[in-house]
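The values are calculated or read from the model by the stated rules, or taken from the named source; none is laboratory data. Since the model is a prediction, treat every value here as computed from it, not as a measurement. When we count neighbours, we look across all protein chains shown, and the Cβ atoms used for this are built from the backbone with ideal geometry, even at glycine.
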């Protein structure tokens, strides 16, 4: 079974600083996908970034980048130049193997990020 | 284009009552998923529809939960009878059937409170 571990229940960062949110995963499969979602206090789940297990480059999307270390089975999210609006819960997730992109996601427990002014 | 919508946004019911949650996926998305987050715990997969067929319902906790997707459009999730441990946030997500899109698009969730 797939497992996602987020060891930081809460993180604080100063506005304009960078922050890294940790995520490790456990799988015996060679093909998988890793995701990060943001959940602000309003409750919706917002997709941030995706990394495929065969992607050679680390994924980047604007101020978000994914530090993918396959051998260590880690997929940390780096947010550069933090903004007050980045305060939210952040979830790391893995897509179950098989079935292409249609398989369900397994989520970590989340990290509550607070950006301080 | 409208995103995934869920109704109601909040529901407060008493133990033993019945509640039906509704999810309208993005138009044209054949994959529809239900997840839930019980207080303080991980978001857990419940089931996956491909069009009107249940592709995987391994995450459904017990037979008090019934999901349907008649006609392959919107889906309902009925809890009957509701128990205290059913309280949490129920998310619906959708994605296109064909490869090329990695993202599952989530709805805003329904917060269910069972008293």
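Report the residue count in the range B:18-41 for those that are over 18 Å from residue B:105 (Cα atoms) and surrounded by 14 or more Cβ atoms within 10 Å (Cβ to Cβ).
3
Counting only residues that are surrounded by fewer than 18 Cβ atoms within 10 Å (Cβ to Cβ), give me the strands (runs of 3 or more DSSP E) lying completely in the range A:23-117 with at least 2 of them. Steps first, please.
Numbers: elements: A:24-26, A:33-39, A:46-52, A:64-69, A:74-79, A:88-95, A:105-107, A:111-116.
Qualifying strands (runs of 3 or more DSSP E): A:24-26, A:46-52, A:64-69, A:74-79, A:111-116.
Applying the selection to the range B:10-37, what residues are over 20 Å from residue B:60 (Cβ atoms) and modelled with pLDDT of 95 or more?
Matches in the range B:10-37: B:10, B:12, B:14, B:24.
With the requirement that a residue be within 14 Å of another protein chain (Cβ to nearest Cβ) and either surrounded by fewer than 16 Cβ atoms within 10 Å (Cβ to Cβ) or not in a loop (DSSP other than H, G, I, E, B) (or both), what does the range A:1-22 give you?
Within the range A:1-22, the subset within 14 Å of another protein chain (Cβ to nearest Cβ) is A:1-7, A:9-10.
Passing the criteria: A:1, A:3, A:4, A:5, A:7, A:9, A:10.
Output the residue which, of all residues in the range B:60-111 that are facing chain A (nearest Cβ under 8 Å) and assigned to a strand (DSSP E or B), is surrounded by the fewest Cβ atoms within 10 Å (Cβ to Cβ).
Pass one, the range B:60-111, residues facing chain A (nearest Cβ under 8 Å): B:89, B:91, B:93, B:95, B:97, B:99-109, B:111.
Keeping just the survivors that are assigned to a strand (DSSP E or B) gives B:89, B:91, B:93, B:95, B:105-106, B:111.
Details: B:89: 20, B:91: 26, B:93: 26, B:95: 22, B:105: 20, B:106: 24, B:111: 16.
If we take residues in the range B:60-111 being facing chain A (nearest Cβ under 8 Å) and assigned to a strand (DSSP E or B), then B:111 is surrounded by the fewest Cβ atoms within 10 Å (Cβ to Cβ).
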